[in-house]
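A.B. asks: Please see the structure below; I have some questions.
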Amino acid sequence: MINLNKKWPRISVTVSEAYDILALLFILVLPFSAALPNIILGALLLLYCIDFNRECFLTFVKSPFIVLTILLLILFAQAIYTNSFVSDFTYYRKHLYLLAMPILFFKVNNLRLIKKATLIAVCAMILVSVYRIIKFYMVFKFFPFAEGWATNFVLLLERPYAGLFAVIAMIISVDLFFNTEKKKHLYIMSFFLCFGFVFMISIRTSILTFLLLFLIYIVFYLRATLRRKALFLLGLFLTVSLFVFLNKNIAKRFYIKNSFSESIENTQKFEPRVVIYGCVENIIQGPNFSFWNGEDSYQALQKKLNDCYGSSISEYGKRNWFLDENFNTHNQFIDFFLIGGIIPFLLFALFLTWTLVCVYKNFAATAIVLSFTMVLLIENLFHRQFGCFLFAVYLSIYFKTVKFQKTTENHFVP
């Protein structure tokens, strides 16, 4: 019989704690749903307004993110002036996340909890993807790593974004390993799970990013003799060589052939960005392109790209592939220049440079900035909602980690 007079323990949660819990939930559902993160962001915005913190907002205003805000406001103003804001809203809607999310995540207090949630989310994403890969192999009798359509079919996220999320998790794993005294083995396990995933499905950008970060750490951050650094670099070279030898798909993904000239020829034949960047050059050199204002709209820009694909690609199947996919510029810097002119391009470069200057003493934060920069050089990251989420969240929390919690963490500078 239930005693109705029994005093049950009261659960008391402050607005600040509820805010952090919502941020935690946002990270956990991020790889698995497109709708739930938006719902959680709405709740975060409501709590932010209820418990407005003037100091947090001023911190945001004084950070490099104010430059990114100015950049986006310029793009919005130009789009309104050219009457393309509504027709191009599918792009600018995603840019709104870049405005709002840094403000929201500057208010998060428990950054370590967000980092741990990231590891849980990424590891769960990888395990689900591995399960789907096994099911794919049982049906089709081959692993879906060489063909883009097959890889994206079995992964929860498209290959470049799954790789970026895995690299972020690797950085966080090492960061928490050096800044915690308990359960270090869990961070080692999460690191190698992400490492194996990146090399297993041959994510080119993620592999190159990992190698670059490892090289930068050895050269600039590792406190060791030159001899030890040389041994580490030799070990890196041998490890990469072993992976390329064991996983032939890596060589295929990087267009590696028996000779350098064959590799260049293979890259020119099969790498879409060779054609895309050639068309970008044609647009910039065209008589109607404005160096100061860029194109009138994203629709006009995409039409020029498609016209170039249609006229410059002679192979029928390849030409139709480019036109069906509506390939964008595949470079966020170029995208800002073509749609907004030189000022947004320079502001974006200033934002990333300023952020890097602020965090360069901390390797984990530096690695986060460089990881995004690598992707921004070969992808229009801000054309995807998920890309905007990753960029805004992890640049925000690592900038805040370095600048405003210096007394509580070592920040991974062993």
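The values are calculated or read from the model by the stated rules, or taken from the named source; none is laboratory data. Because the structure is a prediction, the values reported are computed rather than measured. Backbone-built Cβ (ideal geometry, glycine too); neighbour counts: all protein chains shown. For the accessible areas, the whole protein counts, side chains as well, though only heavy atoms, and no ligand, DNA or RNA atoms are used. Shrake-Rupley method; radii C 1.70, N 1.55, O 1.52, S 1.80 Å.
A.B. asks: Using a 1.4 Å probe on the protein chains only, how many percent of the accessible area of the chain belongs to carbon and sulfur?
C.D. replies: 66 percent
A.B. asks: For the chain, which longest stretch is free of loop sites, where a loop site is one of the GluC sites (Glu not before Pro) that DSSP puts outside H, G, I, E and B and that has at most 16 other Cβ atoms within 10 Å?
C.D. replies: In the chain, the maximal stretch lacking such sites is 1-146.
A.B. asks: If you don't mind, there's one more thing I want to ask. Could you rank the peptides 342-348, 86-92, 165-171 by their average count of other C-beta atoms within 10 Å per residue, with the highest value first? Walk me through the numbers on the way to the answer.
C.D. replies: Details: 342-348: 18.7, 86-92: 14.9, 165-171: 26.3.
Packing order, densest peptide first, comes out as 165-171, 342-348, 86-92.
A.B. asks: Still on this structure, please answer the following. Kirkwood Rh, Cα Rg: Rg to Rh for the range 251-312?
C.D. replies: 1.14
A.B. asks: Taking only the alpha carbons of the range 18-83, what extent do you get along each of the three principal axes, in Å, biggest first?
C.D. replies: 39, 31, 21
A.B. asks: I would also like to ask the following. Counting just the Cα atoms, what span does the range 185-326 cover along each of its three principal axes? Round to the nearest Å and put the largest first.
C.D. replies: Per principal axis, max minus min of the Cα coordinates gives 56, 37, 33 Å.
A.B. asks: Please state the Cα pair-distance histogram of the range 254-392 with 5 angstrom bins from zero: what percent is in each bin?
C.D. replies: The calculated distribution, bin by bin, is 2, 9, 15, 18, 17, 15, 12, 8, 3, 1, 0.
A.B. asks: As an exercise, use a Förster radius of 41 Å and the Cβ-Cβ distance of Leu208 and Thr14 to find the FRET efficiency, rounded to the nearest 0.05.
C.D. replies: The value I calculate is 0.40.
A.B. asks: Determine how large the accessible area of Val122 is when every protein chain is in place; take a 1.4 Å probe and give Å² rounded to the nearest 10.
C.D. replies: 0 Å²
A.B. asks: Hey, another quick one. Quick one: what are the phi-derived ³J(HN,Hα) couplings along the range 126-140, Karplus 6.51/-1.76/1.60 with θ = phi - 60°, whole Hz, x for glycine and proline?
C.D. replies: 5, 5, 5, 5, 4, 4, 5, 5, 5, 4, 4, 5, 5, 8, 9
A.B. asks: Send over a whole-number figure in Å² for the accessible area per residue of the chain, probe 1.4 Å. All intermediate terms of the calculation are to be shown ahead of the outcome.
C.D. replies: Numbers: 21410 Å² over 414 residues.
Per-residue accessible area for the chain comes out at 52 Å².
A.B. asks: By the 4.7 Å beta carbon criterion, which cysteine residues of the chain come out unpaired?
C.D. replies: Cys49, Cys56, Cys123, Cys194, Cys358, Cys388
A.B. asks: Taking the Cα centre as origin and putting +1 on Lys and Arg beta-carbons and -1 on Asp and Glu beta-carbons, what dipole magnitude results for the chain, to the nearest 20 debye?
C.D. replies: 1640 debye
A.B. asks: Out of all Cα-Cα pairs in the range 100-160, roughly what percent, to the nearest whole number, are more than 20 Å apart?
C.D. replies: 46 percent
A.B. asks: Also, I was wondering about something else. For the range 267-283, just list the computed ³J(HN,Hα) in residue order, Karplus coefficients 6.51, -1.76 and 1.60, θ = phi - 60°, integers in Hz, with x standing in for Gly and Pro.
C.D. replies: 3J(HN,Hα) across the range 267-283, in whole Hz: 5, 4, 7, 10, 7, x, 5, 4, 5, 4, 5, x, 5, 4, 4, 4, 5.
A.B. asks: Can I ask one more? Under a cut-off of 30 Å between alpha-carbon atoms, report the lysines in cross-link reach of Lys403, not counting same-chain residues fewer than 8 places apart.
C.D. replies: Lys62, Lys94, Lys107, Lys115, Lys116, Lys182, Lys183, Lys184, Lys229, Lys361
A.B. asks: Find the percent of Cα-Cα distances in the range 67-183 that exceed 22 Å, and round it to a whole number.
C.D. replies: Here the long-distance tail beyond 22 Å is 58 percent of all Cα pairs in the range 67-183.
A.B. asks: I would also like to ask the following. Sort 37-45, 390-398, 326-334 by packing, meaning the average of other beta carbons within 10 Å per residue, with the highest value first.
C.D. replies: 390-398, 326-334, 37-45
A.B. asks: Report D for the chain in µm² per second (integer): Stokes-Einstein, Kirkwood Rh on Cα pairs, 10 °C, 1.306 mPa s.
C.D. replies: Numbers: Rh = 23.4 Å.
After rounding, the answer is 68 µm²/s.
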